[in-house]
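Please see the structure below; I have some questions.
The values are calculated or read from the model by the stated rules, or taken from the named source; none is laboratory data. Keep in mind the model is a prediction, meaning the values are calculated, not measured. Cβ atoms come from the backbone with ideal geometry, glycine included; neighbour counts cover every protein chain shown. Note: accessible area is taken over every heavy atom of the protein model, side chains too, but ligands, DNA and RNA are not part of it. Shrake-Rupley method; radii C 1.70, N 1.55, O 1.52, S 1.80 Å.
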Amino acid sequence: MADSSFDIVSKLDRQEVDNALNQATKEVANRFDFRNVDAGIRWSGETIEIQANTEERANAVLDVLKDKLVKRQISLKAIDAGEPRLSGKLYKLSVSLKEGISQENAKKISKIIREEGPKGVKAQIQGEELRVSSKKKDDLQEVISLLKGKDLDVALQFVNYR
């Protein structure tokens, strides 16, 4: 019998991020506390650009975006928000999106599976993802629940379960 396996990836659903951004834009445009403060949020290439007339307002717009992302089941571990910086009269804040599992994180996850996971489970690093395989499907499900219980600094998805 062939080994069962699944892949561990860190990917973003761009459409859901775009929907969350659009909802945040509407809320910022309609909220009373954001009137006449030049608050805005938009795509800027691969990053999201937030602007407002004060540092606090820029952080408040970021909080609105985070709220919309959580409602759309996008992990906040997948975003990397910088600090507000003064640009002319406005404070600007860049939010970058993180995808893929770095080599360092992949090694950390692989080590957790080796040390704490069931015996006979193998984890292979394949670029920006990991393939986990075992003879028993129950062991694979145990690995998934083990990793969901860990507080890793990367958003994980489990795909190609077979």
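Could you give every pair whose Cβ atoms fall below 8 Å, whose first residue belongs to the stretch 124-153 and is in contact (Cβ under 8 Å) with a residue 24 or more places away in the chain, and whose second residue is of a type in the set (A, V, I, L, M, F, W, C) and open to solvent by 70 Å² or more (accessible area, probe 1.4 Å), counting only separations of at least 6 or pairs across chains?
Sorted first by the residue in the stretch 124-153, then by its partner, the pairs are Lys135/Met1.
Residue check: is Lys26 open to solvent by 50 Å² or more (accessible area, probe 1.4 Å) and touching a residue at least 60 places away in the same chain (Cβ under 8 Å)?
no
Let me ask another. Answer with yes or no whether Ile8 is outside any strand (DSSP E or B), at pLDDT below 95, crowded, with 18+ Cβ neighbours inside 10 Å and not aromatic (Phe, Trp, Tyr).
Answer is no for this residue.
Regarding the stretch 25-40, can at least one residue be identified that is among the β-branched types (Val, Ile, Thr) and within 26 Å of Val143 (Cα to Cα)?
no
Now a separate question. Among residues belonging to the stretch 83-96 that are out of contact with any helix residue (DSSP H, G or I) (no Cβ under 6 Å at 6 or more places or on another chain) and within 19 Å of Thr25 (Cα to Cα), point out the one that is least open to solvent (accessible area, probe 1.4 Å).
Filtering first and then ranking leaves Val95.
While we're here: Scan (1) outside any strand (DSSP E or B); (2) closer than 30 Å to Val132 by Cα; (3) open to solvent by less than 70 Å² (accessible area, probe 1.4 Å) for the single condition Ala20 breaks and write down its number.
The number of the failed condition is (2).
Does the stretch 97-130 hold any residues that are open to solvent by 20 Å² or more (accessible area, probe 1.4 Å), in a strand (DSSP E or B) and among the aliphatic types (A, V, I, L, M), and which are they?
Within the stretch 97-130, Leu97, Ala123, Ile125 qualify.
Sticking with this one: If Phe34 satisfies all but one of (1) within 28 Å of Glu56 (Cβ to Cβ); (2) under 26 Å from the mean Cα position of the chain (by Cα); (3) free of Cβ contacts under 8 Å to residues at least 60 places away in the same chain, what's the number of the condition it fails?
Answer for Phe34: the failing condition is (2).
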